[in-house]
1. Determine whether G633 is loosely packed, with under 15 Cβ neighbours inside 10 Å and modelled with pLDDT of 85 or more.
2. Give just the number: which of (1) over 13 Å from C588 (Cα atoms); (2) modelled with pLDDT of 85 or more does K540 not satisfy?
3. Scan the range 293-328 for residues that are of a type in the set (V, I, T), in contact with a Pro (Cβ under 9 Å, 6 or more places away or on another chain) and at pLDDT below 90 and report the count.
4. On the basis of being touching a residue at least 12 places away in the same chain (Cβ under 8 Å), over 27 Å from L246 (Cβ atoms) and touching a Cys at 6+ places or on another chain (Cβ under 9 Å), does L31 make the cut?
5. Looking at this structure, is L52 under 24 Å from A606 (Cβ atoms) and surrounded by 14 or more Cβ atoms within 10 Å (Cβ to Cβ)?
6. Among the residues of the range 246-258, is there at least one that is at pLDDT 80 or above, in contact with a strand residue (DSSP E or B) (Cβ under 6 Å, 6 or more places away or on another chain) and within 14 Å of E184 (Cα to Cα)?
7. When you scan the range 35-72, how many residues do you find that are part of a helix (DSSP H, G or I) and among the charged types (D, E, K, R)?
8. Tally the residues that are outside any loop (DSSP other than H, G, I, E, B) and either closer than 12 Å to E654 by Cβ or in the same structural domain as L10 (by TED's automatic domain parsing) (or both), restricting the search to the range 619-638.
Amino acid sequence: MLVTKPVADLCALLIDELHGELPSRIFAILLTKGRSTLPQLVQYTSMTPRQLRHGLAVLQQHNLLFYHLDPGAEFAFYEANAEHAYNLSRTGKILEMIDSSFGAPAKDVMQSLLLSGQTRISDLVAAYQEKIGHANKAGEGFGDGDDFGTETNGINGDSQPAKKTGPLVKSTAQLNSIICRLVEAELIDVVHAKTFESPQDVLKTVEKEVMDKHFPGGVKGNKAKVDLQQRIAEGLRKVRGESKSLKRKLEQNGTAAKRRKLFAGVSMANGGHDEDLDPALDPRQVIRINYEKCLVDLRNRRLVQFASDMLGETTAYVYGVLLKLLTKDVPRCRDDAAMDVAADDDGDTEKGPGFVTTDQILDNLKTSVDLSLGIGKAERRQISSTAAEKIEPYPIKKKALIEQAEVDGEASADEEEDEDESSDESEYDSDYKAPATNGANGANGVNGTNGAKVKFDESAAPKERRLDRPTQLRQHLLVLTESTQRFVRHCGANEWTVDFAPLMSALREVELDSVIERSCGRQGLRLVRILRAKGKLDEKALPNVALMRKPELQQKMLEMQTLGFVHVQEVPRDLKADVKKSFFLWFCDAERSLNRLLETSYTTMAHCIQVLGALRQKERDVLETTKRSDVRGREKDTMRKEYYERYSRFLECERKLFAQVMRVDDLVAVLRDF
């Protein structure tokens, strides 16, 4: 994987933060020099083979390293896994997501896997047995040296030790149950032989096997080329399926949801289920964190937040349930070009990642959620059923959403469509009979309000317009469907799906506009939107279009050009390149702006970690004091006031720096991974 210098520096700093200087130096050399053998690393790093083996073992343990051994070769080739190295910055978000979805015990197990890397189940069980034994001997508390129940991960942004109130995992049966649930959710994968090889090496191996087995005489003709691609994709899916072997074994006994239905009387605790219902796992199995599936769940959380900002909390909650059901079997955020080629040719992806029905969403909604909140109360005659119930079985054609950005003062396409529908009375429901009204409840409004078309006061609505729960759910889904961002697509009768590609493109546009507004103000954002809508504009015509004076416009455009949001192109009038006889066209290149913003984000994250290292070096004497066993946990009582104040200021700075890293990572995830 080719990475830029800011990414390489950031990955090395993250590894240094979590695993030490030795693995970090080796990883940085691998990013700089590329694939290398052990003798080559000895030459590059000036380290002894013993030191290198220790560092390589740590990197391999945490899946930060690929290796490949050719048949008959003496030394293996090592390659840096930069993608997983960057995922170390998302440790806190992953733990928070596990805590909210599966409970605190599952979070504790996931944190143990994050700290120990790929682990044999028997080793994990032994560690928890020892921990539970210490807790039983100590009574209510832990031993001083036990940190399994504490959040010690600095990237998590919480440097305070957790309260030691007892082990979160009470027994090995509960640990087995938690692992089973995480495996069924695909958040934990099984380690196999191909896990340690890079995707490029796996692809070459599969291509060689397919060529030797099915095309010994070579590939001839377009039909044979298509067949070759399909067989390669099938082989790649078979290799990836090896990591899901444990999940398939569990599904033979029924999923956790099915077991809960069979044993409905079993008590539930902390969002979990009875440990005796889960089969015992093979202790020799080696497991690890599946970051690709974690990114899918993090994307769902980001989209729910996006919907909440645009449409409200209740509609966003419905959207979250829909996304959870829709992405249950989605293995990664972005399709693999080599692996998903067969599915594309068969046309199986016309409806996106699949679809969910209204009944499925209704069954998974919490009964405590009031679905009447967040939707307007309009008269039935004021709603066009034809437009509201419009079914789109296929995704819309891919368009550059960045070019569809609206300029202030212009009507959007949705508004024009609504105007057309309002003029067509034949599309309205003609079978609806208006309820009898008298007194204040007139036909023009509710409770005497003249001309009010939409009401959010449920208590004031007449009984005829109070909807049942399935209808209320459908209203929220239609709101998501008709939104400008197109959160949901109505793909069939009571069937709903999400087109992630255009939706994420809209979200990237929103993030870019937010950065432009913070950097250049509302005036700069307006100019960028004008360039998106109009395309390339001459510098002489731009003041008339933007309704701005030329000196102010030039100053603002130069400011945005320096920041990389707009660009200028010189077009000579004749063959001689004369500046005085040339056109200068201003334009906005969204992709170039996003790439520059991404590189700036990497640099910002690396700078935050470097500042933290400088602060630690500055407060080294105070931090060494807090590591003493007689001071740890009782800093305020045992340390002098001066030292404790310095320690408190350092903790506050550390918290702010890690919070900044996590906020910038939100932007990186939207621009690159989601």
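The values are calculated or read from the model by the stated rules, or taken from the named source; none is laboratory data. Just so we're clear, the structure is a prediction, and the values are computed from it rather than from any experiment. Backbone-built Cβ (ideal geometry, glycine too); neighbour counts: all protein chains shown.
1. No; evaluated as a whole, the condition is false for this residue.
2. (2)
3. Counting residues in the range 293-328 that are of a type in the set (V, I, T), in contact with a Pro (Cβ under 9 Å, 6 or more places away or on another chain) and at pLDDT below 90 gives 1.
4. yes
5. So L52 does not fit the description; no.
6. yes
7. Qualifying residue count for the region: 2.
8. The qualifying residues number 1.
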